[in-house]
1. Does Arg126 satisfy the criteria of being surrounded by fewer than 19 Cβ atoms within 10 Å (Cβ to Cβ) and either under 24 Å from Glu34 (Cα atoms) or without any contact (Cβ under 8 Å) to a residue 40 or more places away in the chain (or both)?
2. Being touching a strand residue (DSSP E or B) at 6+ places or on another chain (Cβ under 9 Å) and assigned to a loop (DSSP other than H, G, I, E, B): is that true of Arg7 here?
3. Mind checking whether some residue in segment 11-21 is open to solvent by 70 Å² or more (accessible area, probe 1.4 Å) and assigned to a helix (DSSP H, G or I)?
4. Kindly indicate the residue of segment 95-126 that is among the acidic types (Asp, Glu) and farther than 18 Å from Ile76 by Cβ and also modelled with the highest pLDDT among those meeting that condition.
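The values are calculated or read from the model by the stated rules, or taken from the named source; none is laboratory data. Bear in mind the structure is a predicted one, so any value in this text is a computation, not a measurement. When we count neighbours, we look across all protein chains shown, and the Cβ atoms used for this are built from the backbone with ideal geometry, even at glycine. The protein model used for the area step is the full one, side chains on, heavy atoms only, and it has no ligands, DNA or RNA in it. Shrake-Rupley method; radii C 1.70, N 1.55, O 1.52, S 1.80 Å.
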Amino acid sequence: MEGAIVRRIIPSDNSCLFNAVGYVMDHDRNKAPELRQVIAATVASDPTKYSDAFLGKPNKEYCDWILNPEKWGGAIELSILTDYYGREIAAYDIQTTRCDLYGQGKNYQERVMLIYDGLHYDALARDGTVGPAERLALNLVKEQQRKRSYTDTANFTLRCGVCQIGVVGQKEAVEHAQATGHVNFQEFK
């Protein structure tokens, strides 16, 4: 029997990336505060590597920002966590079926997997899998893509909950928020 890859649902609480990594690394869905500390300490310890240009903001400001449980993580945080745990992290994007591999070329002996729907990360876990987990994971991701189980952040339609103006995509929503200070959006069709 080959087994399967299963999606382990992580709560949608703005810390899903950290808790998904905690689950695949330590079987713990409540690692966000600890892993945010690891990332802040790593970034603060190397301001040359983690420069303002690399982070998109000053090092100290980034460290304060990532410790806020309302803030999301992404590629920077995954690259730090792969080194912290000494394992590769494969992050599968449902919309594109692309797999971003963190820690590649560092001779890590293990790989863990996450799945991303455009806004949220969940964990992928092996369920009796003996064979090629990557193929099974990609099959699961393609199935989720066929079901349109993702959010197209470039093209979704939102309405501002304050002034009721409609915007298309994350870029327009950010621009509206920066111009008006409004941050309450709802998706609509």
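1. For Arg126, the condition - surrounded by fewer than 19 Cβ atoms within 10 Å (Cβ to Cβ) and either under 24 Å from Glu34 (Cα atoms) or without any contact (Cβ under 8 Å) to a residue 40 or more places away in the chain (or both) - is not met.
2. So Arg7 fails the test.
3. Within segment 11-21, not a single residue is open to solvent by 70 Å² or more (accessible area, probe 1.4 Å) and assigned to a helix (DSSP H, G or I).
4. Selected residue: Asp122.
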